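Here's the structure, in structure tokens; my notes come after.
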Amino acid sequence: IYSTFLQRAYDQLIHDVVIQKLPVLFAIDRGGIVGADGQTHQGAFDISFLRCIPEMVIMTPSDENECRDMLFTGYHYQQGPSAVRYPRGSGRGLERVAPQQLPLGKGVVKRQGESLAILNFGTLLPEAEKVAESMNATLVDMRFVKPLDSELILKMAKQHSELVTLEEGAVCGGAGSGVSEVLMAARQMTPVLHLGLPDKFIPQGTQEEIRHDLGLDAEGIESAINQWRTQ
């Protein structure tokens, strides 16, 4: 189901699936920026409206192999509903490997850096990799929006002086908000910058054009981090 169409089925999702703890896997297509389909089809809100639902498992793959792993994981998850949200378009061109079940709610450190850690949710990982290399930052592929890897988040907060969350979804109520909730519950006062889709409707354009305009390409992400550091 398209992200934008799942909005229209919200009551059914909650009442007919989640409350009954049915093992339904939602494959959410066109999560994030969709480009030429215009304002009505941008997949901006699914992370925000799903993560507030109790007992939902929400996965955000960063490439095609991880997407297959997550679909495989969700298919075999029998304790309740799960969702995998993936973007419009093609993958990174990785060599296909056999899918495997992922440990629930566990992120992966992709690169070890110094004072800054970037916590990435989903398909902006290639841009995050460029920024992490340029700024000598730690890069984490969080994989799961819910359950969040709280242990890894707190570890990153203690090892770094600054955190950045990155997602191709609405910042309001999104995955980054969940990271801040974890930090505040643990009284961990590490500064956090949330990057993602702004609090406005996203106009029509190619995915590359929109990401550039919103500062979600490597250049824009690095610029936003540098500007935030000077405040």
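The values are calculated or read from the model by the stated rules, or taken from the named source; none is laboratory data. Quick caveat: nothing in here was measured; it's all calculated off a predicted structure. Note: ideal-geometry Cβ built from the backbone for every residue, glycine included; neighbour counts use all protein chains shown. The area values use the complete protein model at the heavy-atom level, side chains included, leaving out ligands, DNA and RNA. Shrake-Rupley method; radii C 1.70, N 1.55, O 1.52, S 1.80 Å.
Okay, here's what the table says:
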| item | result |
| --- | --- |
| The stretch 145-180, residues that are farther than 22 Å from residue 218 by Cα and part of a loop (DSSP other than H, G, I, E, B) | 147, 148, 149, 173 |
| Residue 8 vs. criteria open to solvent by 10 Å² or more (accessible area, probe 1.4 Å), of a type in the set (Lys, Arg) and without any contact (Cβ under 8 Å) to a residue 12 or more places away in the chain | yes |
| Selection from the stretch 141-173 of residues that are of a type in the set (Val, Ile, Thr) and over 28 Å from residue 201 (Cα atoms) | 153 |
| Qualifying residue in the stretch 209-217 (condition: acidic (Asp, Glu), surrounded by 16 or more Cβ atoms within 10 Å (Cβ to Cβ), touching a strand residue (DSSP E or B) at 6+ places or on another chain (Cβ under 6 Å) and not in a helix (DSSP H, G or I)) | no |
| Qualifying position, being touching a strand residue (DSSP E or B) at 6+ places or on another chain (Cβ under 6 Å) and hydroxyl-bearing (Ser, Thr, Tyr), among 40, 60 | 60 |
| Options 203, 147, 191, 126: the member that is open to solvent by 10 Å² or more (accessible area, probe 1.4 Å), of a type outside the set (A, V, I, L, M, F, W, C) and at pLDDT below 95 | 203 |
| Lone unmet requirement of (1) crowded, with 22+ Cβ neighbours inside 10 Å; (2) in contact (Cβ under 8 Å) with a residue 40 or more places away in the chain; (3) more than 15 Å from residue 216 (Cα to Cα); (4) under 14 Å from the mean Cα position of the chain (by Cα) for residue 139 | (2) |
| Among (1) open to solvent by 20 Å² or more (accessible area, probe 1.4 Å); (2) small (Gly, Ala, Ser); (3) modelled with pLDDT under 95, the one test that residue 177 misses | (3) |
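Residue-wise test of (1) of a type in the set (A, V, I, L, M, F, W, C); (2) more than 16 Å from the chain's Cα centre (by Cα); (3) more than 22 Å from residue 140 (Cα to Cα).
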{"position": "27", "(1), (2), (3)": "yes, no, yes"}
{"position": "32", "(1), (2), (3)": "no, no, no"}
{"position": "49", "(1), (2), (3)": "yes, no, yes"}
{"position": "52", "(1), (2), (3)": "yes, no, yes"}
{"position": "76", "(1), (2), (3)": "no, yes, yes"}
{"position": "79", "(1), (2), (3)": "no, yes, yes"}
{"position": "83", "(1), (2), (3)": "yes, no, no"}
